[in-house]
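As C-alpha cells, the structure follows; a few thoughts come after it.
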C-alpha cells in the first residue's frame, strides 16, 4: 500500500535528476524523510529570525537570509537542475525553484525563504492527509490478518504468520475472529458472517465439511479449519488484487490533467515572462515587476489539482468497496459516471439464475422419458437450465452411451447416442435452425425443446425467480436519469416483452448466444451519444467475454469466478442488481468532487494571480493562500467516500 502514497509524494516532489540522487547519499536530513525536512525548516526559520536582531539587520542580514534559504531549499534546487538537464522545463520543482531564485535575485530573500518554508510544510501536510486517507480506506479493502493459530504435529497451537501457512495445515478460529485463509471445516459447528465479502447479512451455519472463505467472521463456536488455499490464492487476496488499479490512480489522474501540463502551465509561464519584461520596460521599476513575475510563476504548478483529484478517486474506491462495489481502475469509474444505458443479462442478475421445472409437455413419449432424453443432451453441459433438468431426473444418464457431444452456447446441446439416435435440446433458435415450427408459449416462461433427429418430442417449461430488488434497481437507475434501462434475454420475444413490462424496463432484446448479444451491444453503442457509455451487467460465470466487449462490464457476485475478475471492470459483491445504482452514484460523486476541487483551485489561483500582477500579494502570501486551498480541497475530497442513499 505504501506504493500509492510514495508515488503521489514523488509526483509532488519530483525527486529526479542525478544531482539529487547523489545528494541523498550524504544528506543526513534527507535520510530522515519528513522529519529531516522539518528539522531543516526549523533551523532555517531560526536563522531567519536571527536577521531580525538589530546588529544583523544590515550587512550580514542578507547573508543569513540566503543561508537559511539554501538550507531549506538546496535539495529542491538540485532536483530542479537535474530536471532541466532532462528537458523537463515545466516540472513543478523547476517552476518553484525559478520563482524562489528570482525573488532572491531581486532582493526578496526573506519572501523566498518564507515561500519555501510554507511550500515544504504543505507538502508534509498533504502527505499526512494522503496517509490518513490510505489507512482509512485499507480498513475496508484489506481483510487479511497477520497471524493464525496453527496446529502443530503434537496437537498444540502455535502463532504463525499467515504467509507461512501452507495448504493442508490446520488452524483454529475462535469466536469473533476473522477467518484468515480459505479452507474446509475439519471440526466444530458455528455461524459465520460473510457480509464484508458477499454483502449477505444472513449468518451462514457451518459444520464439518463446510467450506469457509477468508475474510468472513466466525460468530459463535470454535472451528478447526483445514487450509485449501494459501494466502496468495485465498479469497481476501483476490479481492484486494481486483482493485489493484488504485495503485495507478496517481499516474492516470496525472495524465487526465494533461490540460494543466500542456496548456495551463506554459501559458502561465508566458504570462509570468510578460509581466517580468514588458511592464518594467514601459514603466520602469524592474525589481517590483520581477517580484510580481516570481509570484505568478509560483502559481503555475498543477500539483494542487493533481493531489486533490488523486485522493478523491482513492476515497471513492474505499467508500464504494464498503458498499459492496469494487472498481478495477480509474477508467471504470470515469466510464461508469457517463452511463447512458444499463443493459442487464436477465439470468443471474435480475433473476436468481436458479431454474425449476414447472411443466412437461411430452408428445411422443412420456414425461419421464422426455426428461431422460433432455438429461442426455445436457449431460456434459454446465448451465442453470442443465442443472435444473438434472435435478428432476430419477436416474443420471449413462455417459458411456454418448458417442458424440456438441454444444452451441445459448442455443442447444446435441448428443449422438450409441443406439444411433441424435438428441437435441435447446430454445426456439434451435427449432428455427432445424426449420421446424415453434410451438406457442402461453406461459411466458423459459422453454427447452427436445428433438430426436427430425422428430419433435416435446418441451420442458422452467421458471426463474426474480430478485427481490429487481424493480428497485430499475427505479433507482431511472432516478439517476439513465435514458435506457434494458434487458437482454434468450427467451422468446413475447416472453421478454412480458418480463420487461413487469420490471418496468425501457426495452428488452432477444439474443441467444454471444454473437447475438454483441450485435445488441453494437446497436446500443451506436444509438448512444459519443460522451455516454454502455454498462452491461452480467452474472460473471457464463459471459466473461461479453464483460470485456462493452464500455463497462459489471459482474454480479463475480469475485468467486476467475474469468469475471479478469474481464470485468466492476464487481458487485452483493447479489443485488440495485448495487449498479450505487456504482453509478459513486462514479458521479467522484467526478462532482473533482470538478468542485478544480473550481476551488482555479478560483484561488486566478484571484491570487490578479493580486500578484498588481503587487498586492507577495511570494510567501501567495504560497499560503494556495496551501490553504490545497488542504481544503483534499479534505473536501473525502466527501467522495460516502453518497446519499
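Structure values in brief
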item: Most to least packed among 428-434, 400-406, 274-280, 621-627 [average Cβ atoms within 10 Å]; result: 621-627, 428-434, 274-280, 400-406
item: Computed label-point distance, nm, for sites residue 607 and residue 39 using a 7 Å Cα→Cβ extension; result: 3.9 nm
item: Semi-axes of the equivalent ellipsoid for the range 300-380, Cα gyration tensor, largest first, Å; result: 53, 12, 11
item: Sites residue 498 and residue 204, calculated FRET efficiency, Cβ-Cβ separation with R0 35 Å, nearest 0.05; result: 0.50
item: Sorted peptide list for 314-321, 564-571, criterion being average Cβ within 10 angstrom, highest first; result: 314-321, 564-571
item: Along principal axes, Cα extents of the range 589-645, largest first, whole Å; result: 48, 15, 11
item: Cα shape, the range 147-239, gyration tensor, a/c 1.5 rule; result: oblate
item: For peptides 328-334, 476-482, 345-351, sequence by mean Cβ density within 10 Å, most packed first; result: 345-351, 328-334, 476-482
item: Gyration tensor verdict on the range 353-464 (Cα atoms; rounded if a/c is under 1.5, prolate if a/b is larger than b/c, oblate otherwise); result: rounded
item: Prolate/oblate/rounded call for the range 524-567, Cα gyration tensor, a/c under 1.5 rounded; result: prolate
item: Residue 219 paired with residue 164, simple spin-label distance in nm, labels 7 Å along Cα-to-beta-carbon; result: 3.4 nm
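Every number in this text was worked out from the coordinates using simple rules, so none of it is lab data. Computed from a predicted structure; not experimentally measured. Please note: Cβ atoms are built from the backbone with ideal geometry, for glycine as well, and neighbour counts cover all protein chains shown.
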